[in-house]
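Below is one structure, written out as structure tokens; the observations come after it.
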Amino acid sequence: MIRALKLLICMLVIILIFGACANEVILPSKLTEPEQTTSEIQTTNPLIGSVFSEGPNWIVTVREGPAGTLTYGYIIFDDEGNELVDIQDSGAPGFTFINENLLRADSPGGNAMGFTRFFDLEHGLYSPEYTNVLLFDYGLVIYRDWRHETDNVFYDMLIVHDMFDPEYNRNEFQRDFRTGVFDDVVPHELRLIDENTLFMAYYNNQNELVEERLKLR
């Protein structure tokens with residue numbers, strides 16, 4: 001009788017030990033399974049890290065380019081939330097609201113150059129890319145350009161036209177701006193008196209200050 005009782009007690013102890021071991025094996029497995037799934041989703045999601053910044057009417061994206069460089073792009077939306085344009089391979093853009101419907105995007109370039117586009121969010125218009133914009137007003141944009149006469153000679157042009165259509169109300173003025181000094185590659189003063197009159201003051205190659213009122217088409 002006593003031997004039978006001892007045997008029963010031993011069997012109960014063995015059952016309790018195996019039950020405890022089984023619980024220790026199953027519990028960690030159940031805890032680690034969700035963590036592995038979450039980690040797998042994060043590393044395979046292609047959207048993670050692609051959005052650089054967002055604004056009311058734009059999203060800026062970034063990706064890695066050649067030799068580890070960063071390449072930016074941006075998408076512009078009109079006031080109804082529709083995609084207006086998708087610009088790729090841009091410098092890191094900055095955005096400025098000229099008014100509630102007119103948006104300006106500026107991207108840096110090499111050799112102190114800057115690139116500018118304009119977006120009419122109400123009418124769904126966007127401009128070409130302009131280099132080193134000097135002035136814009138009355139629906140016009142003004143910038144400087146260079147024209148080559150020969151391989152080694154070029155002259156300065158001041159270009160004025162409609163902000164969204166370079167062929168509409170286009171004006172080209174050839175002038176003798178002083179060259180060779182970085183700070184003097186733009187006119188000394190430039191302003192639109194009205195939509196038909198441009199005032200310009202500049203130093204020429206003889207270091208003379210020239211003032212002009214130019215009639216626009």
query: From the set of residues in the stretch 187-215 that are within 30 Å of the chain's Cα centre (by Cα) and surrounded by 15 or more Cβ atoms within 10 Å (Cβ to Cβ), which is modelled with the lowest pLDDT?
result: PRO187
query: of a type outside the set (S, T, N, Q) and at pLDDT below 95, is that true of ARG147?
result: yes
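For the stretch 58-85, how many residues are under 23 Å from GLY109 (Cβ atoms) and either modelled with pLDDT of 85 or more or touching a helix residue (DSSP H, G or I) at 6+ places or on another chain (Cβ under 6 Å) (or both)?
Filtering the stretch 58-85 down to residues under 23 Å from GLY109 (Cβ atoms) leaves 58-76, 84-85.
So of that shortlist, the ones also either modelled with pLDDT of 85 or more or touching a helix residue (DSSP H, G or I) at 6+ places or on another chain (Cβ under 6 Å) (or both) come out as 58-62, 72-76, 84-85.
So the answer is 12.
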query: Right, ASP106: surrounded by 13 or more Cβ atoms within 10 Å (Cβ to Cβ), outside the structural domain of VAL160 (by TED's automatic domain parsing) and either part of a strand (DSSP E or B) or of a type in the set (Ser, Thr, Tyr) (or both) or not?
result: yes
- prompt: PHE118 passes all but one of (1) crowded, with 19+ Cβ neighbours inside 10 Å; (2) out of contact with any Leu (no Cβ under 9 Å at 6 or more places or on another chain); which number fails?
  reply: (2)
Residue satisfying condition, being buried (at least 16 other Cβ atoms within 10 Å of the Cβ), charged (D, E, K, R) and not assigned by TED's automatic domain parsing to the domain that holds PHE136, within set ASP89, ASP78: ASP78
task: Assess whether ASP162 counts as being at pLDDT 95 or above and either more than 21 Å from the chain's Cα centre (by Cα) or in the same structural domain as ASN57 (by TED's automatic domain parsing) (or both).
output: yes
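The values are calculated or read from the model by the stated rules, or taken from the named source; none is laboratory data. None of the values given here were measured: they were computed from a predicted structure. Neighbour counts run over all protein chains shown; Cβ positions are idealised from the backbone, glycine included.
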